[in-house]
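*Asks:* Structure below; questions to follow.
Please treat every number below as a calculation from the coordinates, not as lab data. Not measured: the values here are computed from a predicted model. As a convention, Cβ positions derive from the backbone with ideal geometry for all residues, glycine included, and neighbour counts pool all protein chains shown.
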Amino acid sequence: MSFTLKYKDINEEREISSDNYTIKDLLNELEVSAQTMVSKQNGELVIEDTVINDGDEIQLVQIIYGG
């Protein structure tokens, strides 16, 4: 089973490494904080506890903030 990851310059097919593989697991693998990312699954905003399914397209968008 696999999904498509779109993040910065990455646009690749990745294998789902376990059952109930979540957005949070993916963020941990990429070593990025959920607090600085917006996650989309098949074009819809999702929370980090969302399970990634076979064939999904996951897009991670960096949040830009400052003061």
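*Asks:* Residue-wise, which Karplus ³J(HN,Hα) couplings in Hz belong to the stretch 53-62, taking 6.51 cos²θ - 1.76 cosθ + 1.60, θ = phi - 60°, and x for glycine or proline?
*Replies:* So the Karplus estimates, Gly and Pro as x, are 10, 4, x, 5, 10, 10, 10, 10, 10, 5 Hz.
*Asks:* Rounded to the nearest 20 Debye, what is the dipole magnitude of the chain about its Cα centre when Lys and Arg each give +1 and Asp and Glu each give -1 at the C-beta?
*Replies:* Computed about the Cα centre, the dipole is about 320 debye.
*Asks:* Over the stretch 1-53, calculate the relative contact order: mean separation of alpha carbon pairs under 8 Å at least 6 apart, over the residue count, as a percent.
*Replies:* The value is 37 percent.
*Asks:* Moving to a separate point now. Give, as ranges by residue number, the residues of the stretch 23-51 whose backbone N falls under 17 Å from the point 7 Å along Cα→Cβ of THR4.
*Replies:* The answer is 40-45, whose backbone nitrogens lie closer than 17 Å to the label point.
*Asks:* Take the alpha-carbon centre of the stretch 1-27, take the same for the stretch 28-67, and report the distance between them in whole Å.
*Replies:* After rounding, the separation between the Cα centres reads 10 Å.
*Asks:* In the chain, what is the volume of the convex hull around the alpha carbon atoms, normalised per residue and reported in Å³?
*Replies:* Enclosed volume per residue, from the Cα hull, is 85 Å³.
*Asks:* At 0.36 nm per residue, and after removing the present C-alpha to C-alpha distance, how many nm does the segment from VAL32 to TYR65 gain when stretched out fully?
*Replies:* Between VAL32 and TYR65, full extension yields 10.3 nm more.
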